[in-house]
Amino acid sequence: MSLLIKNTTIVTMNKDRQVLHGDILIENDRILAIGNSVDTADIVIDGSGKAAIPGLIQSHVHLCQTLFRRQCDDLELLEWLKQYIWPLEGSHDTESIYYSVLLSCGELFKSGTTAIIDMETVRHTDAALEGIAQAGIRAISGKCMMDYGDGVHPGLMDDTEQSIRESVDLLEKWHGKCNGLIQYAFNPRFVVSCSEQLLKEVGKLAQKYGVKVHTHASENQGEIEVVENERGMRNVVYLHSLGLTGSNLILAHCIWLNEEEVSLLGETGTRVVHCPSSNLKLASGIAKIPDLIERGVHVSLAADSAACNNNLDQFLEMRLAALIHKPFYGPTAMPAEKVFELATIGGAMAMGMQDQIGSLEIGKKADLVLVDLNGLHAQPVLSDQSIYSQIVYQLKSSDVLYTIIDGRIVMENRQLTTIDEEEVKRGCNNAIVRVARRAGIVG
């Protein structure tokens with residue numbers, strides 16, 4: 001199938017950061033041509049007054065938690081986890097997690113996200129991956145691994161061998177499915193809930209299968225205190241001692257780092273994910289992202305969970321990431337182009353897919369978004385105006401008109417094509433009552 005977007009502004013994010021005006025021709029799942037006029041295609045979209053941008057990439061989300069939105073607001077991390085999130089996650093069933101995933105994907109498509117790195121919960125990961133496959137999002141995902149720690153809900157505590165065996169089974173079933181849209185990652189939750197035996201085995205298996213390891217680190221000072229007391233080292237140093245650091249390790253948050261940890265992250269090429277809304281809402285802190293970038297640490301951007309953020313909107317995350325650092329580092333810190341880079345090609349690098357996605361280039365996967373530039377909040381439009389400033393500071397998720405993944409239109413003129421919105425709403429509203437009661441959150 002061929003798809004032509006005509007007469008549009010093209011924000012390529014290629015190495016020269018070209019901004020072009022013209023056409024984009026897609027053939028099946030790839031970008032076939034950029035800038036050259038083509039008269040015919042199976043589907044033609046008028047891009048006048050619009051911009052084509054690389055699909056936004058969120059490198060740390062929890063699709064399984066979207067069902068829990070508004071169930072546990074205004075708490076700090078460990079209280080939030082132990083009193084609410086873990087009981088809720090431990091009470092999921094296959095249907096509830098499936099609908100949570102579809103709800104998440106619908107929201108992601110409507111706000112221009114085409115690819116994610118996702119951590120599911122301990123149980124029912126097959127159902128989550130079924131939802132991911134149905135929606136058609138590009139995802140690195142996997143079962144959450146938890147075999148240790150205090151205050152863990154019984155529904156989440158795994159035997160070490162069982163956690164490893166189930167993870168490998170899921171990997172062998174799902175990795176590379178859906179034309180490569182789905183990849184598997186090992187997802188040990190964080191050091192606080194993982195035994196050393198589990199973490200060591202994860203490192204070996206990730207190397208054997210050539211897949212990512214996705215976890216949390218240094219999000220909360222209480223978490224760091226627990227890790228230091230139990231393992232005798234800070235998070236990053238401990239993970240490094242186990243051989244886990246490197247470009248295949250994705251660490252969400254990294255707010256509270258010391259000098260040694262920052263150096264290790266830069267030297268090893270470990271990937272760090274900035275989640276500004278979540279970190280503010282849980283009162284965890286503000287990661288020193290300009291410092292990390294200056295020190296050569298690779299950083300990307302994400303919303304984290306809708307249970308600790310209430311939104312999965314990368315436009316909100318971009319704007320916030322651009323703003324919150326300026327009072328500490330000055331007005332030129334985190335300029336719009338740099339932030340847009342974190343949300344596109346930076347996310348692709350975190351996924352290890354920078355040669356496939358993250359920019360609009362001939363031969364790359366057709367993951368892109370068409371945004372409307374005609375809203376009052378996007379005006380005036382001047383020829384010498386920075387398109388990056390317009391995207392990061394002015395545009396909203398409601399400006400996303402088309403979302404295309406692997407050459408497939410998953411949202412057309414704000415209408416989802418792979419997800420039945422009304423069915424998902426009904427399914428989620430029924431599921432949260434059942435899950436919350438099972439968790440003891442409501443009577």
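Any chance you could give the angle, 0 to 90 degrees and rounded to 10, that helix 196-209 forms with the longest Cα principal axis of the chain? Approximately 40 degrees, to the nearest ten.
Based on protein heavy atoms only, region 348-443 ends up with 46 Å² per residue of surface accessible to a 1.4 Å probe.
Given in Å, the Rg to one decimal and the Dmax to the nearest whole number for the Cα atoms of region 115-211 are 13.0, 41. For the Cα atoms of the chain, what angle does the longest principal axis make with the long axis of helix 221-231, in degrees from 0 to 90, nearest 10? In the chain, helix 221-231 runs at an angle near 50 degrees to the longest axis. Label-to-label distance for Leu20 and Lys425 is 4.1 nm, based on points extended 7 Å past Cα in the beta-carbon direction. One way to sum up the overall shape of region 33-123 is the equivalent ellipsoid from its Cα gyration tensor, whose semi-axes run 38, 14, 11 Å, largest first. Think of the chain as having a plus end and a minus end, set by charges on the Cβ of Lys, Arg, Asp and Glu; of Gly203, Ile140, Asn311, Asn311 sits farthest toward the positive end of this dipole. Read phi for every residue in region 46-59 and hand back ³J(HN,Hα) as whole Hz from Karplus 6.51 cos²θ - 1.76 cosθ + 1.60, θ = phi - 60°, with x for Gly and Pro. Running phi through 6.51 cos²θ - 1.76 cosθ + 1.60 with θ = phi - 60° gives 7, x, 4, x, 10, 10, 9, 10, x, x, 6, 10, 10, 9 Hz. What does the net charge come to around Ala307 if you take all other residues with beta carbon closer than 11 Å to its beta carbon, with K and R at +1 and D and E at -1? Counting the neighbours of Ala307, the net charge comes to 0. Our summary gives the chain a relative contact order of 22 percent, counting only alpha carbon pairs under 8 angstrom and 6 or more residues apart.
Note that region 133-145 has calculated 3J(HN,Hα) couplings of 5, 5, 5, x, 7, 7, 8, 9, 9, x, 5, 6, 10 Hz, one per residue in order, obtained from phi through the Karplus relation 6.51 cos²θ - 1.76 cosθ + 1.60 (θ = phi - 60°); glycine and proline are x. Sorting the segments 57-67, 260-270, 2-12 by their residues' average number of neighbouring beta-carbon atoms within 10 angstrom, most packed first, yields 57-67, 2-12, 260-270.
Database remark: amide H of Ile45 closer than 5 angstrom to the amide H of Leu4, Ile5, Lys6 (H placed geometrically; neighbours at sequence offset of 5 or more, or on other chains; Pro and chain starts carry no H). The stretch between Gln415 and Asp73, if pulled fully straight at 0.36 nm per residue, gains 120.1 nm over its current Cα-Cα span. What the phi angles of region 255-260 give under the Karplus curve with 6.51, -1.76 and 1.60, with θ = phi - 60°, is a coupling list of 7, 9, 10, 9, 4, 4 Hz, glycine and proline written as x. To test your reading of the geometry: what angle, between 0 and 90 degrees and rounded to tens, separates the Cα axis of helix 314-323 from the longest principal axis of the chain? So the inclination is approximately 80 degrees.
Each Lys or Arg adds one and each Asp or Glu takes one away; over the other residues whose Cβ falls under 14 Å from the Cβ of Ile31, this sums to -3. What a 1.4 Å probe finds exposed on the chain is 48% carbon and sulfur by accessible area, rounded to a whole percent.
Taking 21 Å as the straight-line reach from the Cα of Lys204, the lysines in range (excluding those fewer than 8 positions away in the same chain) are Lys143, Lys173, Lys212. Between region 207-247 and region 93-151, what is the separation of their alpha carbon centroids in Å? Going from one Cα centre to the other spans 23 Å. Quick one: net charge around Asp406, please, counting Lys, Arg +1 and Asp, Glu -1 for every other residue with C-beta under 13 Å from its C-beta. Result for the local shell: +3. Computed over protein heavy atoms with a 1.4 angstrom probe, the accessible surface ordering of Ser300, Ser48, largest first, is Ser48, Ser300.
Taking H as built 1.01 Å from N, whose amide H comes closer than 5 Å to the amide H of Ala217, not counting residues under 5 places away? When sequence neighbours closer than 5 places are left aside, the close amide H contacts are Ala252, Cys254. GNM on the chain, alpha-carbon springs under 10 angstrom: the most fluctuating residue among Leu181, Leu78, Leu251 is Leu78. For region 338-401, the relative contact order is 29 percent, taking Cα pairs closer than 8 Å that sit 6 or more residues apart in sequence and dividing their mean separation by the residue count.
Using C-alpha pairs below 8 Å separated by at least 6 residues, the relative contact order for region 224-313 is 24 percent. Per-residue packing, averaged as other Cβ atoms within 10 Å, sorts the ranges 207-213, 21-27 into the order 21-27, 207-213, beginning with the highest. Per residue of the chain, the DSSP helices (runs of n ≥ 4 H) give a summed -39500 (n - 2.57) that works out to -10000 deg cm²/dmol at 222 nm.
The values are calculated or read from the model by the stated rules, or taken from the named source; none is laboratory data. As the structure is a prediction and not an experimental result, all values here were calculated from the model. No Cβ is skipped: glycine too gets one built from the backbone with ideal geometry, and neighbour counts run over all protein chains shown. Accessible surface is based on the protein model in full, side chains and every heavy atom, while ligands, DNA and RNA are left aside. Shrake-Rupley method; radii C 1.70, N 1.55, O 1.52, S 1.80 Å.
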